[in-house]
1. Just to be sure before I move on: is residue A:61 in a helix (DSSP H, G or I) and either over 27 Å from residue B:235 (Cα atoms) or out of contact with any helix residue (DSSP H, G or I) (no Cβ under 6 Å at 6 or more places or on another chain) (or both) in the structure I sent?
2. Only one residue in B:197, B:232 is in a helix (DSSP H, G or I), surrounded by 15 or more Cβ atoms within 10 Å (Cβ to Cβ) and within 14 Å of another protein chain (Cβ to nearest Cβ), so which one is that?
3. Kindly list the number of the only condition in (1) under 11 Å from the mean Cα position of the chain (by Cα); (2) within 30 Å of residue B:21 (Cα to Cα) that fails for residue B:151.
4. Scan segment B:204-216 and give yes if some residue there is among the hydrophobic types (A, V, I, L, M, F, W, C), outside any helix (DSSP H, G or I), more than 14 Å from chain A (Cβ to nearest Cβ) and surrounded by fewer than 18 Cβ atoms within 10 Å (Cβ to Cβ), otherwise no.
5. Does residue B:171 fit the bill of being at positive phi, surrounded by fewer than 19 Cβ atoms within 10 Å (Cβ to Cβ) and more than 14 Å from chain A (Cβ to nearest Cβ)?
6. Quick check on my filter: what residues within segment B:100-122 are in a helix (DSSP H, G or I) and under 14 Å from residue B:158 (Cβ atoms)?
7. Is there a residue in segment A:9-19 that is surrounded by 13 or more Cβ atoms within 10 Å (Cβ to Cβ), touching a residue at least 24 places away in the same chain (Cβ under 8 Å) and within 12 Å of chain B (Cβ to nearest Cβ)?
8. Which ones in segment B:216-226 are in contact with a helix residue (DSSP H, G or I) (Cβ under 6 Å, 6 or more places away or on another chain) and touching a residue at least 24 places away in the same chain (Cβ under 8 Å)?
Amino acid sequence: MDWNNLPWDKIFVVLTVLVSGPGVIVGIVVPAVGQMLVAMSGLKAIARQPEAGDRINSIVLLSLAMLESLAIYVLAIILILIFANPMLKYVVNVE
Amino acid sequence: MRRMNSPFTLVFLIALVIALAVVGSLLKGPAGEAEEPNVAQEISPSVTFTLGPLEVTSTVISTWTMMLLLGAGAYVAGHNLKLRPGPVQNLLEWIVEGIENLIRTMVGVEDTTIFLPFVGTLAFFIGSANLIGLIPGLRSPTPDINTPLALALSVFFSVPYFGIRTCGMWGYLKHYVEPIFIMLPIEIASEIARTFSLTFRLFGNILGEEIIISILFIVMPLFVPVPMMLFSIFTGLLQAYVFTLLTCVYIGGAVKAHK
């Protein structure tokens, strides 16, 4: 097999897209499970002690925002990979 | 006042949506048969004109438009305040009291006089910056990374300001080494990391919305993006709330440091 004459730029683009899909799936499912746990325990705490609802509410929202930012990091990385890949110029300039 | 449940209201709403779509397509210029619709072009800020070495992008224009609207609105709403408020003043008082309550619970002080101008300005600015993209022809400034970075940097510099103002210089500097001096690099690293976290949270959320809306807009331009745009109102206001909440938490960390 002639490794030098393979269309590396096309392979690079295809690999990027192939990696981005599972990356999005993993990066969204894991923070979603974390957010589920936070919302569940927040609901339980409010149901047990409704008069502490305001305080619990703000803490739950804070934790949800923290977990949300994990998914946002994945989104930013995937967007950079697809739309503005900094490595692409090395691959395209090979030939 | 006439009640608004007549069938004309529905017709009026549909006509309004169609009129907004027509105006938006006219403002966007002739729909390009020549150029292909491109997601990256739809969301990235475009250079409108150059002013010497400065490139004035569409972000700057929509930010200044928003500032003009906010300033004019604040003047109109605030130049004759009444003891028995009308609907507009009532709404604004509700928002301001909500922000005051947020500061009271998260910062942990009773007197919100020195915190309210900064935190309230941030809340109003981010909320209206996320919503201004719904006006056809304007583009919200937050999907450009410079705007969230500037906001997060202003939070980064305001935290030591409020800390020094309430605890004094020595009291503020002492909280870096509070339990033990080995916490110093961790504290400094977390101050820098949370600035970038604030930036990317706001940027990524609004950018994701904009990308989904523009993909739907490319696929089916007329009615399909409307539910997603309605959802983007909710997301934008929620992000403004989250940014304000985190600002209050960070300021509270500096203010409550020496107690």
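The values are calculated or read from the model by the stated rules, or taken from the named source; none is laboratory data. Please read all numbers here as calculations on a predicted model, not as lab measurements. Cβ coordinates were reconstructed from backbone atoms using ideal geometry, including for glycine residues, and neighbour counts include every protein chain displayed.
1. Working: in a helix (DSSP H, G or I): yes; either over 27 Å from residue B:235 (Cα atoms) or out of contact with any helix residue (DSSP H, G or I) (no Cβ under 6 Å at 6 or more places or on another chain) (or both): yes.
Yes.
2. On the way: B:232 fails: within 14 Å of another protein chain (Cβ to nearest Cβ).
Residue meeting the stated conditions: B:197.
3. Every condition holds for residue B:151 apart from (2).
4. So the first thing to find is which residues in segment B:204-216 are among the hydrophobic types (A, V, I, L, M, F, W, C), and the list is B:206-207, B:211-213, B:215-216.
So of that shortlist, the ones also outside any helix (DSSP H, G or I) come out as none.
No, because not a single residue in segment B:204-216 is among the hydrophobic types (A, V, I, L, M, F, W, C), outside any helix (DSSP H, G or I), more than 14 Å from chain A (Cβ to nearest Cβ) and surrounded by fewer than 18 Cβ atoms within 10 Å (Cβ to Cβ).
5. Details: at positive phi: no; surrounded by fewer than 19 Cβ atoms within 10 Å (Cβ to Cβ): yes; more than 14 Å from chain A (Cβ to nearest Cβ): yes.
So residue B:171 fails the test.
6. Taking segment B:100-122 first, the residues in a helix (DSSP H, G or I) are B:100-107, B:116-122.
Scanning segment B:100-122 gives B:103, B:107, B:116, B:117, B:118, B:119, B:120, B:121, B:122.
7. So far as segment A:9-19 goes, no, none of its residues is surrounded by 13 or more Cβ atoms within 10 Å (Cβ to Cβ), touching a residue at least 24 places away in the same chain (Cβ under 8 Å) and within 12 Å of chain B (Cβ to nearest Cβ).
8. From segment B:216-226, those in contact with a helix residue (DSSP H, G or I) (Cβ under 6 Å, 6 or more places away or on another chain) are B:216-217, B:224-225; that's our starting set.
Selection gives B:217 alone.
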